[in-house]
1. Which one is farthest from B:V201 (Cα to Cα), of the residues in region B:232-248 that are aliphatic (A, V, I, L, M) and in contact (Cβ under 8 Å) with a residue 12 or more places away in the chain?
2. How do the pairs read when you match residues in region A:11-27 that are at the interface with another protein chain (Cβ under 7 Å from one of its Cβ atoms) with residues anywhere that are charged (D, E, K, R) and surrounded by 24 or more Cβ atoms within 10 Å (Cβ to Cβ), using Cβ under 7 Å and keeping only pairs 6 or more apart or on different chains?
3. Only one of (1) farther than 20 Å from A:M1 by Cβ; (2) at the interface with chain A (Cβ under 9 Å from one of its Cβ atoms); (3) at pLDDT 70 or above; (4) over 20 Å from the mean Cα position of the chain (by Cα) fails for B:S31. Which number is that?
4. Suppose the filter is within 14 Å of chain A (Cβ to nearest Cβ), more than 30 Å from B:G49 (Cβ to Cβ), in contact with a strand residue (DSSP E or B) (Cβ under 6 Å, 6 or more places away or on another chain) and not polar (S, T, N, Q); does B:D183 pass it?
5. Taking into account only those residues within region B:164-207 that are under 14 Å from the mean Cα position of the chain (by Cα) and free of Cβ contacts under 8 Å to residues at least 40 places away in the same chain, which is farthest from A:N84 (Cα to Cα)?
Amino acid sequence: MILLLTSFLLGLLIDIFSDSGGVHAAAAVSLAYIRPILLKSSFGTLYEHQSVKFRNTEPGSLITYLILGTLPHHLILFSLEIFNISSILLILKKTLFSSIFTIILSLIIIILFSRNKK
Amino acid sequence: MQQIINFVIRNKTFLLFLLLFSVALALTIQSHSYHRSKFINSANVLSGGVYSTVSSIDKYFDLEKENKILAEENKRLRERLLNNSNASHTSGIDTILSEKKYRITIAEIFKNSYSRTNNYLTINKGNKDSIKQDFGVITSKGIVGIVDNTSDNYATVLSILNKKSRINAKLKSSDHKGSLTWDGNSPFITQLEDISTFAPVKVGDTIETGGESAIFPKGISIGTIESFETDISGDTYTLQVKLFNDMTNIRSIYIIEHLDKNEIINLESSIDE
């Protein structure tokens, strides 16, 4: 519940500053909503026992989680931003390349910050 | 009744998601209409204030380049002034009596954007400087866009790099008119549609504003023709126009107010009735 609200506010804040209507808010809210499903499908039983710790997850399932989270988020973001079914190719192209970049960036951040804490 | 309450409690996450998502969706749909909501835009006090602070720090870093651009423009204007004063002596028209048609305001861009499909700029003049919706925005090199929303101190500009933007433009050499649009791909290239195939189109020719709308005066340069092709119907050309402005790198702009605009609009609307 709180996660949904905060993600909405975060998205809205981005929207206010970048003149994009409610695009980011919509994408962030949907990401927050599907998060439990993503966690379940990428971490499996570990999540059901409520024992997922960010630092001691396997890299493989972490990457799956990242990809599963990034792709739908970007797809919603760009299809709402372009808002035109006839430019579906442009949407898919943007989604693909932005997702690759986002995933690489998130991996770099995760690696950098997990080193620090050890 | 009990069942309804139970249902709400059981599905509270889903219902909240639905609510927030529809709010976001409503804002998105609103943002796709031509003049957007007054609420979510960067001309408001919060984001305008933040952008103005950031910009005031940021602008020291390219003072030198800005100076160069201004000096170049000064030179060009001075040349034109000298040529003009010679011309007016010979023509003998009393220029003092001729009415002023445009009012120009200088402003600065706080926030530029060019990578999305619908781009908006935020500038540091607003209602207090009598900037209103549908004023034209240009730089010394070419056009930038049209004022969209205004608040007391700030205004947002619908960039020409926006799928909603349609600006009347023509070939400099032959007065064939079309509308300038953007396909959302490169921030350096815009498209000029509906140019008749009778027009003598050559790669490298200049495109300028047509002056048919009451927003931009005639003859403000836009760009040069990069390439052209006939569109599906075969009757018109679609030109790829390379902009004179580097839209990714602009700061000082001029806002143009057409002083006879209301008169023109009233006249034109009286035709429709």
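1. In this case the residue turns out to be B:M247.
2. From residues that are at the interface with another protein chain (Cβ under 7 Å from one of its Cβ atoms), the pairs are A:G21/A:D15; A:G22/A:D15; A:V23/A:D15; A:A25/A:D15.
3. B:S31 satisfies every listed condition except (4).
4. Considered against the rule, which asks whether it is within 14 Å of chain A (Cβ to nearest Cβ), more than 30 Å from B:G49 (Cβ to Cβ), in contact with a strand residue (DSSP E or B) (Cβ under 6 Å, 6 or more places away or on another chain) and not polar (S, T, N, Q), B:D183 comes out as yes.
5. Across region B:164-207, the extreme among qualifying residues is B:S179.
The values are calculated or read from the model by the stated rules, or taken from the named source; none is laboratory data. If you're wondering where the values come from, they're calculated on a predicted model, not measured in any experiment. So basically every Cβ, Gly included, is an ideal-geometry build from the backbone, and we count neighbours across all protein chains shown.
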